[in-house]
Amino acid sequence: MFDIPLQVLLGQITIGLVNGCFYAMLSLGLAIIFGLLNVINFAHGALYMLGAFGGYLLLQVFGVDYWWSLVIAPIGVGLIGAAIERLFLRRLAGVDHLYSLLFTFGLAIFLEGIFRDIYGAAGRPYPVPAALRGVVDIGFMRLPVYRIWIVVASLAMCGGIWLLIEKTKLGSYLRAGTENPRLVQALGINVPVMITMTYALGAALAAFAGVLAAPLYQVQPAMGSNLLIVTFAVVVIGGLGSLSGAILSGLTLGVLEGLSKVIYPEVSSTVVFIAMAAILLIRPAGLMGREA
Amino acid sequence: MTTMPLETHVPALSVHNLHAWYGESHILHGMNLSLGEGEIVALLGRNGSGRTTTLRAIVGLVDRRAGSITVNQREAIGMKPHLVARLGIGYCPEERGIFSSLSCEENLMLPPKQRDGGMSLEQIYELLPNLAERRRAQGTRLSGGEQQMLAIARILRSGARILLLDEISEGLAPVIVDRLFDTVIRLKGLGYTVLLVEQNKYFAQPLADRFLVVERGEVVMQLSRDELDGNAAVDRVLGI
């Protein structure tokens, strides 16, 4: 078929899977935030960038290693997310969704601008942690250990969050709140706090992805906005508000992108949007979304 | 469990000059009502008279409200909805509000425990055995009657002693309505204070101790059970 060596094909699928892991983590956060807050969070890419820069600065300024950054940066960005919700998004909750969309869009430009001003637009390298250096021969290709780690860590994180939301009591509050927040509050649950925590969780997840990305891609102010548009396409394909849809379509589209790089490279940067258009025509609610 | 006396002088729930708005629409125009502990009071009236809005205003589900709402002698008019609920009010909405992304049992367990004295899961399943059989089913896959029972059961678990039940007999088969009737009778026996909104006069009549007829957002008549019987003025207001 197309005369492509199997090794190249499998290699690109593997790389696509790694990219798909980032799509999955970011679109999962977007889907959680959209579900409860009804906010289309254009700042999500900036929060991812903050995570990466958080890791970078923790290392450069304080000498904090990768493993601690993986914990500290998401907590820090989560707190920033909580503040964003409390100070700004909450005030926009009662008005048209367009306002919160514009706010987060502006916030993303603002954050990106600050970092570009201070650190410049060029990428800054982040060293791969010592324990994750080297490559493993997996038969059809030699795969860097760090990429294997990304797949393991992001799948574990996505799986953990899926379990938290689908299988725990706290998750049942979130699911019910996504359906009818006012009634949930009338039943005695502190929904305003839940909303803050949810935005913080989405922000922390984006930052976690950012720290994971730092050694793989370079740390730069625009790293989030480059990824964000694809991530929105992923959320739409998975079905707005569907968490498993966001995870699965993130991984699938990463692989699809990888495949298209071998089969027809010219289309690889648009294949996600072609898939989105096709899915919207066939299933307007997305692959795993519920029909309204 | 002891049965509480029907008439006590300290009201469990009392509403004075309550006004409520949805957006610009002024729906309640000075509602007044008062429920003694253990009492069952029914709000009668036509569609759009403001009965449902009265319940929604008490729990804080309107856009704006003014006046006074005291729950166990605590003023609740300025409280956020989750804090009103924690005063011991359980709200069962007209649309039942069963969550489709939650299983039957998750729906049941959703309202947090507000105070001691709530029913245990075992007691609820004993009262409403259907729910035990369907505990793993998706909330909205339950039949209409089961969803109605679930909507009542979940507020019993929370420890709420004041129940606001909105049109619980609406749209259900007679056999289910009978079972709901028996359930409310049992709740009465357990000393719950209940504010019922009912379209169905014949459902409410044997259940309630007192009847308030609501028209244009205020109470226009207060009646005892005997006074309700064959009262032509009431029937005219209700459009029967």
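Each value in this text was obtained by applying a stated rule to the coordinates, not by laboratory testing. Since this is a predicted model, take the numbers as computed values, not measurements. Counting neighbours? That spans all protein chains shown, and the Cβs are built from the backbone with ideal geometry, glycine included.
For chain B, report the translational diffusion coefficient in µm²/s to the nearest whole number, using Stokes-Einstein at 20 °C, 1.002 mPa s, and a Kirkwood Rh over Cα pairs. Here the translational diffusion coefficient equals 119 µm²/s. Per residue, chain B reaches -8500 deg cm²/dmol at 222 nm when only DSSP H runs of four or more residues are counted, each adding -39500 (n - 2.57). May I ask you to work out the translational diffusion coefficient for the protein assembly as shown at 20 °C, viscosity 1.002 mPa s, via Stokes-Einstein with Rh from the Kirkwood sum over Cα pairs, reported in whole µm²/s? Rounded to a whole number, D works out at 82 µm²/s.
May I ask for the equivalent-ellipsoid semi-axes of segment B:36-175, computed as the square root of five times each C-alpha gyration tensor eigenvalue and listed largest first in whole Å?
Values: eigenvalues 129, 66, 39 Å².
The three semi-axes for segment B:36-175 are 25, 18, 14 Å.
Quick one: which of B:Lys80/B:Lys201; B:Lys113/B:Lys188; B:Lys80/B:Lys113; A:Lys167/B:Lys188 span more than 27 angstrom between C-alpha atoms?
Numbers: B:Lys80/B:Lys201 33 Å; B:Lys113/B:Lys188 21 Å; B:Lys80/B:Lys113 17 Å; A:Lys167/B:Lys188 35 Å.
Flagged as over cut-off: B:Lys80/B:Lys201; A:Lys167/B:Lys188.
The residues B:Glu146, A:Glu166, when put in order of fewest to most other Cβ atoms within 10 Å, stand as A:Glu166, B:Glu146. You can think of it this way: the chain between A:Ala83 and A:Lys167 has 27.5 nm of extra reach, that is 0.36 nm per residue less the Cα-Cα gap. Each part reduced to its alpha carbon centroid, segment A:115-164 and segment A:49-74 end up 14 Å apart.
Could you size up the charge dipole of the protein assembly as shown around its Cα centre, putting +1 on the beta carbon of Lys and Arg and -1 on that of Asp and Glu, and report it in debye to the nearest 20?
Numbers: 41 positive and 40 negative charges, 193 e Å.
Computed charge dipole of the protein assembly as shown: roughly 920 debye.
Legend: ranking of residues B:Phe211, A:Phe232 from fewest to most surrounding C-beta atoms inside 10 Å; resulting order A:Phe232, B:Phe211. If both residues of a DSSP beta bridge must be in the protein assembly as shown, then about 65% of such bridges are antiparallel.
Counting Cβ atoms of other protein chains within 10 Å of each residue's Cβ and taking the mean over peptide A:174-180 gives 5. Other protein chain C-beta atoms within 10 Å of residue C-beta, averaged over A:185-198: 6.
A straight line joining the Cα centroids of segment B:190-209 and segment B:94-133 runs 21 Å. Rounded to the nearest 20, the size of the Cβ-charge dipole of segment B:11-238 about its Cα centre is 600 debye, with Lys and Arg at +1 and Asp and Glu at -1.
Its Cα centre serving as origin, chain A has a Cβ charge dipole (Lys and Arg +1, Asp and Glu -1) of approximately 460 debye.
For the residues of A:159-172, the average number of beta carbons from a partner chain within 10 Å of their own beta carbon is 1. On a per residue basis, the convex hull of the C-alpha atoms belonging to segment A:147-292 measures out at 125 Å³. Between A:Tyr264 and B:Leu83, the FRET efficiency estimated from the beta carbon spacing at R0 = 56 angstrom works out to 0.40.
Label positions at A:Asp117 and A:Ile75, each projected 7 Å from the Cα along the C-beta direction, are separated by 3.0 nm.
Both numbers refer to the Cα atoms of segment A:6-282; Rg and Dmax are 18.6, 58 Å. In this simple spin-label approximation, A:Gln218 and A:Arg133 carry label points 7 Å from Cα along the Cα→Cβ vector, and these lie 2.0 nm apart.
Look at the alpha carbon pairs under 8 Å that are at least 6 residues apart: their mean separation over the length of chain A gives a relative contact order of 39 percent. FRET efficiency for the B:Arg74 to B:Ser25 pair, using the beta carbon distance and R₀ = 25 Å, is estimated at 0.30. DSSP assigns beta bridges within chain B; of those with both partners inside it, close to 60 percent run antiparallel. With a Förster radius of 25 Å applied to the C-beta separation of B:Ala132 and B:Ile185, the computed FRET efficiency comes to 0.75.
Once the Cα atoms are used to define both axes, helix A:243-263 deviates from the longest principal axis of chain A by about 30 degrees.
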